[in-house]
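The values are calculated or read from the model by the stated rules, or taken from the named source; none is laboratory data. Not measured: the values here are computed from a predicted model. Please note: Cβ atoms are built from the backbone with ideal geometry, for glycine as well, and neighbour counts cover all protein chains shown. Side chains included, ligands, DNA and RNA excluded: accessible areas come from the protein's heavy atoms. Shrake-Rupley method; radii C 1.70, N 1.55, O 1.52, S 1.80 Å.
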Amino acid sequence: MGKIGPSLMCADLGRLIENIHQLDMSGVDFYHFDIMDGNFVPNITLGPDLLKALRPHTDKPFDAHLMVEEPERFIELIAEAGADMISIHSESKVHLQRALQQIRSHGLKAGVALNPSTPLCELDYVMDCLDYVCVMTVNPGFAGQKFIPSTLRKIKDLKQKIAREKPDISIEVDGNISNAIIPEVIYHGAEMLVCGTSSVFIPGQPLEHSVRQVKHLINRNRNSTDPSIEEVNG
C-alpha cells in the first residue's frame with residue numbers, strides 16, 4: 001500500500017540518470033513514464049528510446065502510461081524498450097480487451113487509465129484482464145494542473161468495485177498528487193501514487209527529502225480517520 005512512482009516527465013531531463021540514482025537510494029517503488037502522441041492529448045513527451053536508455057540504470061519497475069490514440073500500435077515497442085507495466089486509456093481508439101491481452105502476452109502487468117469524467121462501468125467487462133487501474137485526477141496532457149476533488153469519490157467507488165469483483169487489482173492515481181492530497185487518496189483506496197512537481201520534484205528541494213516526506217505522509221495516514229480536503233490544505 002502506498003507505493004511511490006516518480007513521474008519522469010517532471011524530472012530534470014538534463015540530470016535524469018543522476019535523478020534516478022538519487023530516487024533509487026531514497027527507496028521509490030517504480031518509475032512512471034507518460035508517453036503522448038500529440039493526438040490523444042495536445043502534448044508530446046517521453047518515448048520508448050528513453051525507457052531503453054534508462055533501463056540499465058535501475059531495477060525498479062517501469063510503468064508506461066500510453067496517452068495515445070491507437071495504443072495497440074505502441075504496445076510491442078514499449079514492451080521491448082523495458083516496460084514492466086503498461087496502462088492504456090479506455091477513451092482512445094482501442095479494442096480494450098484485445099489490447100490488455102496483448103500487454104499481458106508480453107509478460108507485463110496491464111492497466112486501464114480513466115479520465116476524470118469517464119465512468120467506472122468502462123471496466124465492467126475487462127476486470128479479468130486487469131492488474132491495475134490508473135485513475136486520472138486531472139485531465140491528461142500537462143503537469144501542474146489542479147486536482148479534481150470529485151475523483152476522490154471515484155477512487156472510493158473503484159475500491160468497492162474491486163473488492164466485490166477482483167480484489168487483486170491495484171489502484172493508481174495520477175495528477176497533482178501533492179503532499180496536501182496524499183492523505184486523501186490513501187484514505188479512499190489508492191495504492192500507487194504517481195508523484196510529480198507537487199510532491200517529489202519540488203523546485204529547490206532535494207529529492208531524498210521529498211521522498212522522505214511522501215513516505216511519512218503515507219505511513220502516517222495508512223490507518224487514519226477521514227481527513228477533509230479543507231483540513232489537509234489548511
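Per residue, the range 80-119 exposes an accessible area of 42 Å² to a 1.4 Å probe, with every protein chain left in place. Evaluating 6.51 cos²θ - 1.76 cosθ + 1.60 at θ = phi - 60° for every residue in the range 86-93, the Karplus couplings come out as 9, 10, 10, 8, 5, 7, 7, 7 Hz, glycine and proline recorded as x.
Taking only protein heavy atoms and a 1.4 Å probe, the accessible area of the chain is 49% carbon and sulfur.
Among the trypsin sites (Lys or Arg not before Pro) within the range 33-97, which fall in a DSSP loop and have no more than 13 other Cβ atoms within 10 Å of their own Cβ? Could you put the intermediate results ahead of the total?
Values: sites: LYS52, ARG73, LYS93; in loops: LYS93.
Within the range 33-97, the qualifying trypsin sites (Lys or Arg not before Pro) (loop, at most 13 other Cβ atoms within 10 Å) are LYS93.
Normalised by the number of residues in the chain, the average gap of Cα pairs under 8 Å and 6 or more apart makes the relative contact order 19 percent. Residues whose amide H falls under 5 Å from that of ALA113, counting only those 5 or more places apart or on a different chain, are ILE88, HIS89, SER90, CYS134, with hydrogens built in the peptide plane.
Under the classification rounded if a/c is under 1.5, otherwise prolate if a/b is larger than b/c and oblate if not, where does the chain fall, given a ≥ b ≥ c as square roots of the Cα gyration tensor eigenvalues? Since a/c reaches 1.5 but b/c is at least a/b, the shape of the chain is classed as oblate.
Is the shape of the range 73-168 rounded, prolate or oblate, going by the alpha carbon gyration tensor and its root eigenvalues a ≥ b ≥ c, with a/c under 1.5 for rounded and a/b larger than b/c for prolate? Oblate, because a/c is 1.5 or more while a/b does not exceed b/c.
For the range 27-34, 3J(HN,Hα) computed residue by residue from phi via the Karplus equation (6.51, -1.76, 1.60; θ = phi - 60°) reads x, 5, 9, 7, 10, 9, 10, 8 Hz, glycine and proline entered as x. Dipole magnitude for the chain: about 420 debye, using +1 per Lys or Arg Cβ and -1 per Asp or Glu Cβ, origin at the Cα centre. When a/c is below 1.5 the answer is rounded, else prolate if a/b is larger than b/c, else oblate, so apply that to the range 169-220 with a ≥ b ≥ c taken from the square roots of the Cα gyration tensor eigenvalues. Because a/c hits 1.5 or more and a/b exceeds b/c, the range 169-220 counts as prolate.
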